[in-house]
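Undergrad: Take this structure, written in structure tokens, and hold onto it; I'll ask about it next.
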Amino acid sequence: MKKLYFILFLIAFTVTTLVLTNRKGEDKDYYVMGFTPSENADVVQTNGEALAALLKERIGISFRTYVALDYSALVLAMKAKKVDFAFMAPTAYVQAEEMAGAIVLLKSVRKGNSEYYSALIVRKDSPIRTLEDMRGRKLAWGYPNSTAGYIFPKMMLLKRGIDPEKFFGQTVTARGHDAICLSVYNGHVDGGFTFADDTLNEHGAWKVFLKDGKSDEIRPILYTPPIPGDNFATRRDFMKKHPELVEKVKNAILDLKNDEKGRELLKNLYQIDYMVPATYEDYQPIRDAWNLVISREQKEEKGTDSNDKE
């Protein structure tokens, strides 16, 4: 797994460098806003550009949008000072804190809640009813640093004394949440972990990405503990250099909830109802989960390397 992370970071760094090579400094007439590729990148790009246009109209600040290849690419772009603001998944944000000096500004609210969950979903006609029924079955994970698609559900399993590498018969990486939902719906896997806004089976990724009644064919069977919401962040060094600009952008994002056009834009972007101020402490559960999962995988990787040498 450690090798997988290295390969993902290497690919992400190369693509990020190519995409953002024209950015030569921060003292320009535009700034760069990064976006997490939690679904189809073209959709995120369209909605990101719509947000940039609205911010230009309302506060007179120009942005170029950067939809990252994956979660790691967004972290690396911040580290390289190629991205000034970013909408980030919780785990990617915690990585960016350590690697790029990221500082959280706002967090998302959906259905009146600034927390969400990871749900294990199966087809409605599946005989699988409980987690135990998934033993030996095929599971879809999200990106290796996806909070709802990988880190939080894996933490939950480990805390229950379950080794995911042995419990499931096969695991695959379906990357985005849309792909996870489609993999389950099409029967390519028996189950998959994806995001949910509640634990009442009322709203989650399957409701967002499966249209024309297809979402009715999906059934959640398990939820993780609550997860701090995805967020809007900047770099600490950028904030120190441009405190008034950061405050202006932050307030503009906060104000989107006050009119129909702004609310519609947030809904289209990431199914967000509105955003509220966030703090460092809000994301301690993510740091704890990341440390548990990754430290275990690093130990397993070292054990594998030792066996290889023998």
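Undergrad: With n ≥ 4 as the cut-off for DSSP H runs, can you work out [θ] at 222 nm for the chain, using -39500 (n - 2.57) per run divided by the number of residues, rounded to the nearest 500?
TA: About -13500 deg cm²/dmol.
Undergrad: Mind listing the phi-derived Karplus ³J(HN,Hα) values for the stretch 232-237, rounded to whole Hz, using 6.51, -1.76 and 1.60 with θ = phi - 60°, and x for any glycine or proline?
TA: Karplus-based 3J(HN,Hα) across the stretch 232-237 equals 10, 9, 9, 9, 4, 5 Hz.
Undergrad: Let me ask something additional. As an exercise, use a Förster radius of 22 Å and the Cβ-Cβ distance of Lys241 and Tyr280 to find the FRET efficiency, rounded to the nearest 0.05.
TA: It comes to 0.65.
Undergrad: Report ³J(HN,Hα) in whole Hz for each residue of the stretch 129-143, in order, from the Karplus equation J = 6.51 cos²θ - 1.76 cosθ + 1.60 where θ = phi - 60°; Gly and Pro get x.
TA: Here the 3J(HN,Hα) series is 10, 9, 4, 4, 5, 7, 4, x, 8, 9, 10, 9, 8, x, 3 Hz.
Undergrad: Take Lys257 and Thr173, extend 7 Å from each Cα along the Cα→Cβ direction, and tell me the distance between the two endpoints in nm.
TA: With each label placed 7 Å out from Cα toward Cβ, I get 3.6 nm.
Undergrad: Taking 0.36 nm per intervening residue step and subtracting the Cα-Cα distance, what contour gain separates Asn291 from Asp42 on full extension?
TA: 86.4 nm
Undergrad: In what sequence, highest mean first, do 103-112, 250-259 appear when ranked by Cβ atoms within 10 angstrom?
TA: 103-112, 250-259
Undergrad: By average Cβ neighbour count within 10 Å, what is the ranking of 224-231, 290-297, 191-198 from highest down?
TA: The most tightly packed comes first, giving 191-198, 224-231, 290-297.
Undergrad: For Tyr274, list long-range residues whose amide hydrogen, built 1.01 Å from N in the peptide plane, is under 5 Å from its own amide hydrogen.
TA: HN-HN under 5 Å from Tyr274: Val109.
Undergrad: Under a crude label model (7 Å from the Cα following the beta-carbon direction), how far is Glu300 from Asn186 in nanometres?
TA: 2.6
Undergrad: Could you pull out which residues in the stretch 100-134 have an amide N less than 19 Å from a spot 7 Å beyond the Cα of Asn201, following the Cα-Cβ vector?
TA: Residues 117-134 qualify, since their backbone N sits under 19 Å from the label point.
Undergrad: Compute the projected area of the convex hull of the Cα atoms of the stretch 179-310, averaged over all viewing directions, and report it in nm² to one decimal place.
TA: Taking the Cα atoms of the stretch 179-310, their convex hull projects to 12.9 nm² on average.
Undergrad: Oh, and also: Gap in Å between the Cα centre of the stretch 268-283 and the Cα centre of the stretch 62-94?
TA: 16
Undergrad: For the stretch 115-227, take the convex hull of the Cα atoms, compute a quarter of its surface area, and give me that in nm², please.
TA: 6.1
Undergrad: I've got another one for you. Once Rh for the chain is found with the Kirkwood sum over Cα pairs, what is the Stokes-Einstein diffusion coefficient at 20 °C and 1.002 mPa s, in µm²/s?
TA: Translational diffusion coefficient: 107 µm²/s.
Undergrad: Could I ask something else about it? Apply the membrane-span-like helix rule to the chain: whole DSSP H runs, Cα extent along the own long axis of at least 30 Å, mean Kyte-Doolittle hydropathy at least 1.6. List the helices found.
TA: Helices meeting the span and hydropathy rule in the chain: none at all.
Undergrad: Over 19 Å between Cα atoms, which of Lys79/Lys241; Lys81/Lys240; Lys124/Lys207; Lys111/Lys159; Lys79/Lys257 qualify?
TA: The pairs that break the limit, which is 19 Å between Cα atoms, are Lys111/Lys159; Lys79/Lys257.
Undergrad: Now a separate question. Pull up all non-local amide H partners of Ala102: gap of 5 or more, or a different chain, and H-to-H distance under 5 Å with H placed in the peptide plane.
TA: When sequence neighbours closer than 5 places are left aside, the close amide H contacts are Glu97, Arg236.
Undergrad: Continuing with the same structure: What residues qualify as long-range amide H neighbours of Gly192, i.e. H under 5 Å apart, gap of 5 or more or another chain, H built at 1.01 Å from N?
TA: Correct list: Ile121, Ala140.
Undergrad: Here is a follow-up. Among the aspartates and glutamates, which fall within straight-line cross-link reach of Lys211, defined as a Cα-Cα distance under 16 Å, with same-chain neighbours fewer than 8 residues apart omitted?
TA: Within the straight-line limit of under 16 Å, Lys211 reaches these aspartates and glutamates: Glu39, Asp178, Glu202.
Since every read-out is calculated from the coordinates, none of them should be taken as a lab result. Everything numeric in this text was worked out from a predicted model, so none of it was measured. For neighbour counting, all protein chains shown are included, and Cβ atoms are generated from backbone atoms with ideal geometry for every residue, glycine included.
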